[in-house]
Amino acid sequence: MEKMSYYAFVAAVIATGLAFLLYVGYALSGLRAARMQTAGNGWGPRTGTLGLVVEPRTATFGRYGSILGWLAFGFLSAWLVFRTLATGHGPFANMYEFSVAFAWGILGAYYWFERSYHQRILGLVALPIALAMMIYAATIPSTIEPLVPALQNNLLLTVHVAVAIVAYGSFSIAFGAAILFLIQPAGGRWGLPKPAVLDEIGYKAVVVGFPFLAATLVLGAIWADVAWGSYWSWDPKETASLVTWLIYATYLHARVIRGWTGTRAAILLLIGFGATLFTYFGNYFFGGLHSYAGLG
């Protein structure tokens, strides 16, 4: 089963990379069609208001990109199953397993939003993040080792990390929407989704991820009491997770209560995702109770 999980992982990397290239082709083809259309109408693209024209070839790029992306998600789902059978527990015990699962969460969140909003341009940000997580996973140890005592709770290991993956995947989509919002030129969209759509996607992604991050903190506290005898120890990674939650709480408060939208909201989403990555990669520089990660 370990070998099957490896094959599924490699297939997912290849499928994700090809899907990303097809999304690049989708964007370039759509912009080229827009240039040709505007030239035919007698005005050039120098106004900066170039949109994305989905001609048949452009649609083909996008359709096959989505098919390959769904295949990548399927391969990573198979990896989860094979790795679980190989280890005998949820595949979330070290940074290799968590990184692959993180990529799975990003792809799952992205394709849910693509299906809801039909904005494939978002894949130009989401898929590279997922691919980077898989490439990172390929560089660190993937050997199956016995669980350290603190991790020997199969139920909490699986549920605690699974809800974190949903949160992190959703925040990745919010980050992608914020990036696309901020790079739009003042005079036009360059084929990007409308700012209001990107703002809504970012907000909806946080609405999905925020309660899962809260559940991560609560389940982590319960597990900490079981494993270490205390619900909260101000462990560096615990604290970083709490700070991340507070940043997204601030974003939701600012948007819902204060009416923050647009650039200010997008900047908060960038800060939140930066905190998410800081928390995630904290095993490289945090000490404390969360220092195990299979990186030694």
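Every number here is computed from the coordinates shown, using simple stated rules; none is lab data. On a predicted model such as this, the values are computed, not experimentally measured, just so you know. Glycine gets a Cβ as well: all are built from the backbone with ideal geometry, and neighbour counts include every protein chain shown.
For the reader, a short list of remarks on this structure follows.
- Residues 134, 4, 95, arranged from fewest to most other Cβ atoms within 10 angstrom of their Cβ, appear as 4, 95, 134.
- Computed from Cα atoms, the angle from the helix 95-117 axis to the main principal axis of the chain rounds to 40 degrees.
- Listed residues 209, 21, 112: farthest to the positive end of the dipole of the chain (Cβ charges): 21
- Each of 222, 106, 183 was scored by other Cβ atoms within 10 Å of its Cβ. Arranged with the fewest first, they read 183, 222, 106.
- Degrees separating the helix 123-138 axis from the principal Cα axis of the chain, which is the longest one: 30 degrees
- Two-site FRET efficiency, residue 57 against residue 81, from Cβ-Cβ distance with R₀ of 41 Å, rounded to 0.05: 0.65
- Ranked 139, 263, criterion: other C-beta atoms within 10 Å, fewest first: 139, 263
- Both radii come from the Cα set of the stretch 74-186: Rg as radius of gyration, Rh as Kirkwood radius; their ratio Rg/Rh reads 1.04.
- Global form of the stretch 147-291, assessed from the alpha-carbon gyration tensor, a/c cut-off 1.5: prolate
- Stretch in the chain that is longest and holds no chymotrypsin sites (Phe, Trp or Tyr not before Pro) that DSSP places in a loop and that have at most 16 other beta carbons within 10 Å: 44-230
- The base-10 log of I(q)/I(0) for the stretch 52-126, evaluated at q = 0.16, 0.20, 0.26 Å⁻¹, reads -0.64, -0.85, -1.17 [Debye formula, identical scatterers on Cα atoms, solvent excluded].
- In nm, spacing of pseudo-spin labels at residue 250 and residue 112 (7 Å Cα→C-beta vector): 2.6 nm
- Two-decimal log10 I(q)/I(0) for the stretch 237-279, as the Debye equation yields it once each C-alpha is a single scatterer, q = 0.18, 0.28, 0.33 Å⁻¹: -0.47, -0.89, -1.07
- Using only alpha carbons, the chain has a radius of gyration to Kirkwood radius ratio (Rg to Rh) of 1.02.
- Residues residue 139 and residue 18, FRET efficiency given R0 of 22 Å [Cβ-Cβ distance, rounded to 0.05]: 0.60
- Charged-residue dipole, Cβ positions (Lys, Arg, Asp, Glu), the chain about Cα centre, Debye nearest 20: 1160 debye
- The stretch 144-185 and the stretch 219-284: distance between their alpha carbon centers, rounded to Å: 12 Å
- Helix 56-87 axis versus longest C-alpha principal axis of the chain: approximately 0°, rounded to the nearest ten.
- Cα gyration tensor shape of the stretch 111-167, rounded if a/c is under 1.5, else prolate or oblate by comparing a/b with b/c: oblate
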